[in-house]
Amino acid sequence: MKPLNVGDAVQIHSYKHNKTLHRIWRTATVIKQTENCLILGNYKTRVIESDGRNWMTKEPAICYFFKDKWFNVIGMLKSDGIYYYCNLSSPYLYDGEAVKYIDYDLDVRVSRDGSLKILDEDEYLKHQLKFRYSDDIKEIVEKELQDLIKMIENKELPFDHSYVMECYELYKEYKNTSKK
């Protein structure tokens, strides 16, 4: 399997608990990789939904995937500031084809002022039954949600606007280099 390197283009695949494909981001650029975190950037990326619908992302995004946390974080650089969208999910894996994770329905949206809103609780409850989430999975997701909220409230990385901007500048450098 080919390892990921800074500057590489990679797809992102999101799955549901029953292993069905949920969503594909056609391309993202590797910005940085540490032992526990993979940071990707994208802009105007085609996203394909499981039902075949597709759309383009509207603003630059910096995506943080973790090997040791059950969530991922997307910092979206909108015209009026940085917003975050967090997916409760399995830790990511890279299998040579794409960065992959299982989406566990719950999401947290963070406004530019730091206020947060938990989304899709109804979908989470519905899928607990439909996909038969084990008690262990439910316990992990609910604990990780509380950990995520603490990180947001304490403005821990990646919930630091200057860090997101630093990553965005790296993304722009890699994108400019790849065009030459």
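The values are calculated or read from the model by the stated rules, or taken from the named source; none is laboratory data. None of the values given here were measured: they were computed from a predicted structure. FYI the Cβ positions are ideal-geometry reconstructions off the backbone, even for glycines, and counts take in every protein chain you see. The protein model used for the area step is the full one, side chains on, heavy atoms only, and it has no ligands, DNA or RNA in it. Shrake-Rupley method; radii C 1.70, N 1.55, O 1.52, S 1.80 Å.
Structural remarks
- Any hit, the stretch 119-132, residues being modelled with pLDDT of 95 or more and in a strand (DSSP E or B): yes
- If you check ASP105, ASP120 for being open to solvent by 40 Å² or more (accessible area, probe 1.4 Å), free of Cβ contacts under 8 Å to residues at least 24 places away in the same chain and within 18 Å of the chain's Cα centre (by Cα), only one passes: ASP120.
- Boolean, LEU145 is of a type in the set (A, V, I, L, M) and at pLDDT below 95: no
- Qualifying positions in the stretch 27-46 - over 23 Å from GLU142 (Cα atoms) and either open to solvent by 40 Å² or more (accessible area, probe 1.4 Å) or of a type in the set (S, T, N, Q) (or both): THR27, THR29, LYS32, GLN33, THR34, GLU35, ASN42, TYR43, LYS44, THR45, ARG46
- Any hit, the stretch 47-57, residues being open to solvent by less than 20 Å² (accessible area, probe 1.4 Å) and touching a residue at least 60 places away in the same chain (Cβ under 8 Å): no
- In the stretch 147-164, the qualifying residues are those that are in contact (Cβ under 8 Å) with a residue 60 or more places away in the chain and in a helix (DSSP H, G or I), and the one that is farthest from THR27 (Cα to Cα) is ASP147.
- Taken together, TYR168, TYR174 contain a single residue that is at pLDDT below 95 and closer than 22 Å to THR57 by Cα, which is TYR174.
- Qualifying residues in the stretch 66-84 (those that are touching a Cys at 6+ places or on another chain (Cβ under 9 Å) and either aliphatic (A, V, I, L, M) or free of Cβ contacts under 8 Å to residues at least 40 places away in the same chain (or both)) - the one most open to solvent (accessible area, probe 1.4 Å): LYS67
- So GLY114, is it among the small types (Gly, Ala, Ser), touching a residue at least 40 places away in the same chain (Cβ under 8 Å) and over 27 Å from ALA9 (Cβ atoms): yes
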